[in-house]
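Written out below as structure tokens is the structure these notes cover.
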Amino acid sequence: AAKELGKSRWVEYGPELDAHAVEHAQIAAELSQALDRDELYVLYQPIVGLPGGEVRGVEALVRWRHPTRGLVSPVTFIPVAERTGLIVPIGAWVLRQACLQGAEWARTLGARAPWKISVNASARQLLEPSFVATVAATLTETGLDPARLTIEITETAVFGGGRALDTVRALHTLGVKIALDDFGTGHSSLGLLRTCPVDVLKVDKSFVDGVTGTVEQEAIATSISEIAQALRLEAVAEGVETAQQAARLLELGYHLAQGFHFARPLPAAEIAPLCVPEPSLT
Ligand code: C2E
Ligand code: MG
Ligand code: MG
Ligand code: MG
């Protein structure tokens, strides 16, 4: 019967889905021990000014060095962490590392320190009743100025309102900045910009990719820049890979960018040398 069906989706993908389920169960079990076993670490990707390329901030991005699998991408393990709830302790750990690092840069680099530290938060974390208290306690413990912390959330996480939106409002009340990550790809609603406190729009790479193409291809990046200007929000262009894109983004009104063209996610020690004093930039 399977042969008659030929390459039907069911016959093709059935066993593969099972293999995925097993793989996910294994990853979940191993991930639950990764924190205790010191297998997680944090890289920092610069967010730079346009046109100068000076480091304005960094985004903390978690990495998992698995003893046998090697480096596992967050694209693989963050969804598993979200489904199992492990994202709550992992996210709290990343937040603490990033705040400790931000406070240390502020002490050792002074005015040259990356001004802002961005940390991603999953919907699952925003639904956790203790999340706001965790952020507040981490800021107090590390001494990082709340205004220097940005929490990156997705439109989808707060789209339905409810507890996630309450959490974001409470974070904002602490003085923490809120960024909408991958902006334009989720449950986009301009109304969200009125109900949810937002300071930064991070324009998704998929729209940045279009800025050296046709007027149609760059239309969304253009519109988001206009919305940000009208609402006095910061706009960060994500995933900038070429000088040509950076130049066009500046023309479209972007003053902040992040991407491999400027710097990849780096260990903390490699960030300080990039934080050159202002005069040598010119
Ligand atoms: P994101 O928050 O949108 O982070 C940006 C991603 O784009 C990062 O991938 C970064 O390495 C990548 N990227 C930056 N510039 C470029 C570029 O020029 N070209 C390309 N192709 N990619 C670029 P990464 O580190 O693999 O992280 C993937 C996603 O995993 C993140 O997307 C975020 O959603 C999630 N993630 C990472 N760390 C954390 C974390 O600590 N907590 C949570 N909840 N999620 C995290
Ligand atoms: Mg992000
Ligand atoms: Mg992003
Ligand atoms: Mg993204």
Item checked: Binned Cα-Cα distances of region 228-282, short to long, each 10 Å bin given as a whole percent -> 20, 40, 36, 4
Note to self: Please report the spacing between the Cα centers of region 134-178 and region 57-115 in Å, no decimals.
What the structure shows: 16
Next item on the list: Would you calculate the separation in nanometres between label points at residue 163 and residue 140, each defined as 7 Å from the Cα along the Cα-to-beta-carbon direction?
Entry: 2.2
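Are there any GluC sites (Glu not before Pro) in region 153-229 that are in a DSSP loop and have at most 15 other Cβ atoms within 10 Å? List them by number.
Values: sites: 155, 216, 218, 226; in loops: 216, 218.
Loop-located and lightly packed - 216.
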Next item on the list: Please give the length that would be gained between residue 173 and residue 216 if that part of the chain were fully extended, namely 0.36 nm times their separation in residues minus their C-alpha to C-alpha distance (nm, one decimal).
Entry: 11.6 nm
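Mean residue ellipticity at 222 nm from the helices of the chain, using -39,500 (n - 2.57) per DSSP H segment of n ≥ 4 over the full residue count, to the nearest 500 deg cm²/dmol? Present the calculation step by step, with values, prior to reporting the outcome.
Numbers: 12 runs with 127 residues, N = 282.
Helix-only estimate at 222 nm: -13500 deg cm²/dmol.
FYI, it's all coordinate maths here, none of it is from the lab. What you see is a predicted model, and the numbers here were worked out from it, not measured in a lab. Every residue, glycine as well, gets a Cβ built from its backbone with ideal geometry; the counts of neighbours run over all protein chains shown.
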